[in-house]
Structures are given as C-alpha cells and as structure tokens.
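Undergrad: Sharing a structure with you now.
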Amino acid sequence: MRFSDTMLGTVLLFLGAAIAVYARTLPAVPGQQYGAAAFPTLIGLAMVACALVLFAKGWQQGRVALVTRTEWTRQPGALLAVFVTVLCVIAYIFLARPVGFVPVSFAILLVLFRLLSVSWGKAIFFAVAATLVTDYVFRSLLLVPLPFGVMPRLPW
Amino acid sequence: MDAILQAFGLVFTWQVLTTVTAAALFGLLVGAVPGLTATMATALLVPLTFFMDPIPAVGAMVTCAAMAIFAGDIPGALLRMPGTPASAAYTNEAYAMTRKGEAETALGACVLFSAIGGLFGTIVLIFAAPALAEFALNFSSQEYFWMAMLGLTCATFIGAASPVKGMVSLLIGLLVATVGLKNASGVPRFTFGSTDLMAGIDFIPAMIGLFAVSEVMRTMAAGAPSWDNVQVRVGNIFRDWGGMLTRYWRQQIRGNVTGTAIGILPGAGADVAAYVSYAVSRRFSRTPEKYGTGHVEGIVEATSSNNASLSSAWVPALVFGIPGDTITAIVIGVLYVKGLNPGPTLFLFNPQTIYAVFLIFILANLLMIPLGWMVIKLARGLLRTPRSILMPIILVFCIVGAFASNNAAYGIVIMLVFGLLGFFMEENDIPIAPCILGIVIGPILEHNFITTMIKSDGSLLTFVNRPIAAVLAVALALIWVSVIYTTFRGRRAGST
C-alpha cells in the first residue's frame, strides 16, 4: 500500500494537529515557560510543516491516485502471508501465557513453514527442533522466564 | 613500571584468559543474533561475574561488549538485520555489498576496522583519559542539547533520498520518545491510561520490530524465495585489507577520532557514533552518490567509529564514575560490587588493576580478528539455510527477544506495532534510520532543552553564551547551511 504525497501529507496534517492539540492539555510547570507540552507541540507543528511541503510536492505532481497497491500485493497469496504472520504474533501474545511457549511456538512455526510450502516432514522436524533449542537457550542459558502454560518443564 | 609488570601478571593467568575467550564467544554469538544487543549481552553476563575475581569479571564484560558490537555487523551484512543498534547505520550499505557479491570485502572491513577502531579508542583511554574526561565534564545541558541536535541533524543525512521523508521519519521517532513519564516535569504523555505506556516505549522491541519483523513480513509476502543474486559463499575476508588500509586511511582516522570523541561524552554511545560517522563520511566523500549502493567507504568509517567509542566510553566511567553509554552503565555497577570504586583514586591506589583492564582491552581487540573470522565462517550456514526455513524461526526469535527485554508480553505488542510501522514506512520510501535515532536522542534533546530553560528562566540566549556551546552551535549552523546549499544547487542543476 503506497500513499501519494498528498495522502501522506493529509495523514501527517491530522496527526500533527492532533498531537499539538493534545499537548495543550498537558499541565504546565508553574513559573516555567517550557514544560511537558513544549516538545510534543514542536513535533506536532513540525509534522504540519512536513505535511505542507508534501502537499506542495503533490500539487507539482498533478493528479495521482491517493493510494496505490504496490506490485507485491497482486501476487497470489502475498497479502494472506502478511496477515497470517501478523495473526501468528497476535496469537502468541494471547495464547503464550495460558498454553505455554513450547506448544504455541511449535504451532506458529508449523503454520508459517506450511505457508511457505515447506514439506510436512521438514516442517515438523524444524518446528520441533527450533522450539526446543530456543526454549533451552532462552529459558535455561539466558534465564528468560518463558511462559510454561500447560506444558510441564522440559528436563533442562 | 612496576604496576605494568604486575598488570601483566594479573592478566596472563589461565583463569583470566579462559574467561575472556569464553566471554568473547558469547559476545559474538549474542551480537550476531538480530535483536539481541551488546547491552543485553553485557547485562546477561552480570550474574556470572558475581562468581569471578575482579579482573576476569571486568575483562569478561569488556571483551563481550567489543565482540558483540562487531558481531552485529554480520547479520547486518548477510540478512539486512543489524545484530545491535550500533550496526544499524550502515546495515543497508553492507547488505547492498552482499547483494553485489562483495560480502567478504564488507565483513573483512568490519573485522579489520572494528579491531583498529577499538585499539585506537583504547590508546586514547590509556593516555588521554583524565584530561579528556575533564573536558567533557565542562559540558552542561546547553552543550548536550547541541550534541543531540548534531546527532539528529546527521540523522536526516543518512540514506535520505528525500529530506522531507527523512524528517517525517525523525518526527515519528521523536514522537515515540515522548511517550511515558520520563520527562523533566514527570507528566504522563500519550499514555491514554495504560500503565505499560507509562514507562515509555522500550527501544529494543521497537528496533526488533522496525528492522526484523518488517523484513520477515516482506519476505513472507514474497513467498520467501531463495537468496537470488546473493552470494552464498563468503570468501577470503582478508582480501584487499592492504588496499582498504591505504585507500581509506583518512576515513579510518576520522572514524576513530569521531567515535572516540562521541564515546567520551556521557550518554552518547556506539550507535550514535556509527550514525554520525556514516553521515560525516558521506558528506566529505568524493563519491557520495555511491553511498547506499554497496560502497565500503562509509562502512570503514562507521565501523571504526562504533568500536572506538566503545573503548573510549570507559574514560568518564573509570575516571569519574559517569557512564559513557548503556554498557559502561552496567559495568560501573560491577566495579562497585568488586570493590573497584571508579574515580581518580582508582588510578592512585590500584594502578595495576587499571593497567590490567587496559591490557584486556588490547587483548580483546586483537582476539577479534581470529574469532571474528571464525564466526563469519560459521555465519555462512545462515545463508545456506533456505529462507522458507529461516524466516519463521527468526520470527520466533524476535518474539522471544522482544519478550526478554522486559519479560512481559508488552514487548511483543511493541514489536508487532513497530513491525507494521516499519513495513508501511518501507513501502512509502520513508527511511527507518532517522526514526531510530529520534527514539534514542529525543529524550536527551528534550531533557537538556528543558533543563537549560529552567536554569536560564526561559532565555534562549543561554544556548550560545558559553564557549563550547557556541562552537557547537556554529558547527551545527554550518552543517545546515551546507545541506541547504547542496539541496538548492542540486535542484537548480536538476531544473536546468
């Protein structure tokens, strides 16, 4: 998804204005000219300035579609692959704690391998191996408390 | 002299040498995994150092950090994923070289100039430490403000085909940096009632997202084709070392000096040094148009710089107990635990310990060449693995790495959001590097601006009425003028 300069400018204009307006609500430090609001206000104004430059550029370009689909999105399965990848991360965020790192990681790897048409045998092998190695390195060597969930602790 | 001999005795024992080698390998492996930073490697070593004597403990941290900063270049060159933020400045450049089939030249330059840069920083640390630290101590919030401005200005030069889009990226980064409670007045900003956001947006997951997750998404979208046009073999990395040394001696020395100077400044570390040096190199290059297309010149300067800054960051740390970067901040804690309280007295009462630390610095940078060569040889395996196998595994690594930064799922949320942001930015040719720099330098800039304003009661003149600040301000103004001049001239040349 590619935004034209005008479209990008519009988004920035609204974002910058929203930031500047929000910054007005931040409390000032008594007796000081510059407080918590100073920087966000500056950032908001600078974004508006960038938006104006982008508008000028867009105006020079003439009529261009506001949003164009990039080349890769036309390939079959490309959008699906991105959606599934994002869904896998979301699934990890919600499922890792109740279910545990090992099963969720295995499932994510299997789904993604199959999506990239890795053969079943290889997919299962690498999903198991990568999950166990990651679990060993991070939980046992680096002492990262990966969630157990329903899984018993592995023997390391 | 007696102290130096004693220092040799302290360092050349089996215990110290084994510890240093083990720490070196650990640093190389952690640094080579995208998303795991040199700071993280150092932090992970801390629990282990509790069981060690002072010299091996400090030696392990020195070696580990130096190796991790170098090793960050390896995945940067081979996979376009910087292993540590310090490699981010020239990741695109190194990857472009790999695509051109020059991976060995890129990695060879990284090993060689990392080692030389580290040695240069060490020499400065040894000889000029007290005087230079004293100079940096003269800095007040005004000077830090200008340094931060300098860093941000340089950020707009890095890989910015369009200055406006570079600016947009920078503003996104600055905006991200304002989230949370960490501002001079302690007001929660952009937290929208979330407790997690109060602590601000953690840098490590954000970087994993921007660099790694967005790359995984892109590869997944393309169906993970095998590495076409990318050379699978990394040949002889020692090739052309003599040539690079003679051709780029100016860049190398400039990188060493810049890196050392930035390292000495409290708060500015290897990543800022690399960004500044890369931008400086591009500015002064005879062939700036080659930058970004796989040209080794900028890599030479930036990789010298980040390792030089790593060593020189120890100057204020050892002499005054002020950390030069995040790594030395961790190390200072260990020094106290080991009874080596940093400060001028350390040089008076325990000179042999200080000399021993210096020796380990030299040793670590010499070890970098054989061990670095070994790890580069091993890293070839990464490219032999098909991407359809590698990418899902990298995604799991990213998830675990983002989780490990805070041991909370919040890190993974940040990673995902920034992954999508990075994906969108890349689609629209908005460079990512200025955003990263905005996140790192934004808080320094704001803090010093507000502090200065509080001190001066709102008078902006105070930013230029101190000598060092005035010099920095003039330098910055000159850079801006030269940028505007070149843009204007470029546009006129383009229109005629």
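None of the figures in this text is laboratory data; all of them are computed from the coordinates on show. What you see is a predicted model, and the numbers here were worked out from it, not measured in a lab. Cβ atoms come from the backbone with ideal geometry, glycine included; neighbour counts cover every protein chain shown.
Undergrad: Could you tell me the calculated FRET efficiency between B:Leu245 and A:Trp120, based on Cβ-Cβ distance and R0 = 35 angstrom, to the nearest 0.05? Kindly include the intermediate steps, with their values, before the conclusion.
TA: Working: r = 52 Å, r/R0 = 1.49.
Using R0 = 35 Å, I get an efficiency of 0.10.
Undergrad: Quick one: grab the alpha carbon gyration tensor of region A:2-68, order the square roots of its eigenvalues as a ≥ b ≥ c, and give me rounded if a/c is under 1.5, else prolate or oblate depending on whether a/b is larger than b/c.
TA: prolate
Undergrad: Grab the protein assembly as shown and count how many Lys pairs have their alpha-carbon atoms under 21 Å apart, sequence gap of 8 or more, or different chains. It would help to have the intermediate numbers written out before the result.
TA: Numbers: A:Lys57/B:Lys165; B:Lys100/B:Lys290; B:Lys100/B:Lys377; B:Lys165/B:Lys290; B:Lys182/B:Lys455.
Value for the protein assembly as shown: 5.
Undergrad: Which of the three applies to the protein assembly as shown, rounded, prolate or oblate, going by the alpha-carbon gyration tensor with a ≥ b ≥ c and a/c under 1.5 meaning rounded? Please report the intermediate quantities before stating the final value.
TA: Numbers: a/c = 1.35, a/b = 1.05, b/c = 1.29.
Because its axes are fairly even, with a/c under 1.5, the protein assembly as shown counts as rounded.
Undergrad: Could you tell me the distance between the Cα centroids of region A:7-26 and region B:161-210, to the nearest Å?
TA: One Cα centre to the other: 15 Å.
Undergrad: Quick one: if you stick a label point 7 Å off each Cα along the C-beta vector at A:Gln61 and B:Leu460, how many nm between them?
TA: For the pair A:Gln61/B:Leu460, the computed spacing is 3.3 nm.
Undergrad: Further question on the same structure: Please give the calculated 222 nm ellipticity per residue for chain A, where each DSSP H segment of at least 4 residues contributes -39500 (n - 2.57) and the sum is spread over every residue; nearest 500 deg cm²/dmol?
TA: Details: 5 runs with 96 residues, N = 156.
That comes out to -21000 deg cm²/dmol.
Undergrad: Same structure again: From the Cα gyration tensor of region A:73-141, with a ≥ b ≥ c the square roots of its eigenvalues, which class applies: rounded if a/c is under 1.5, or else prolate if a/b is larger than b/c, or else oblate? Walk me through the intermediate numbers first.
TA: Details: a/c = 2.72, a/b = 1.49, b/c = 1.82.
In terms of gyration-tensor shape, oblate.
Undergrad: Continuing with the same structure: Taking 0.36 nm per residue of sequence separation and subtracting the Cα-Cα distance, how much length would be gained by fully extending the chain between B:Ala470 and B:Gln15, in nm to one decimal?
TA: Details: separation 455, 0.36 × 455 = 163.80 nm, distance 5.03 nm.
Full-extension gain reported as 158.8 nm.
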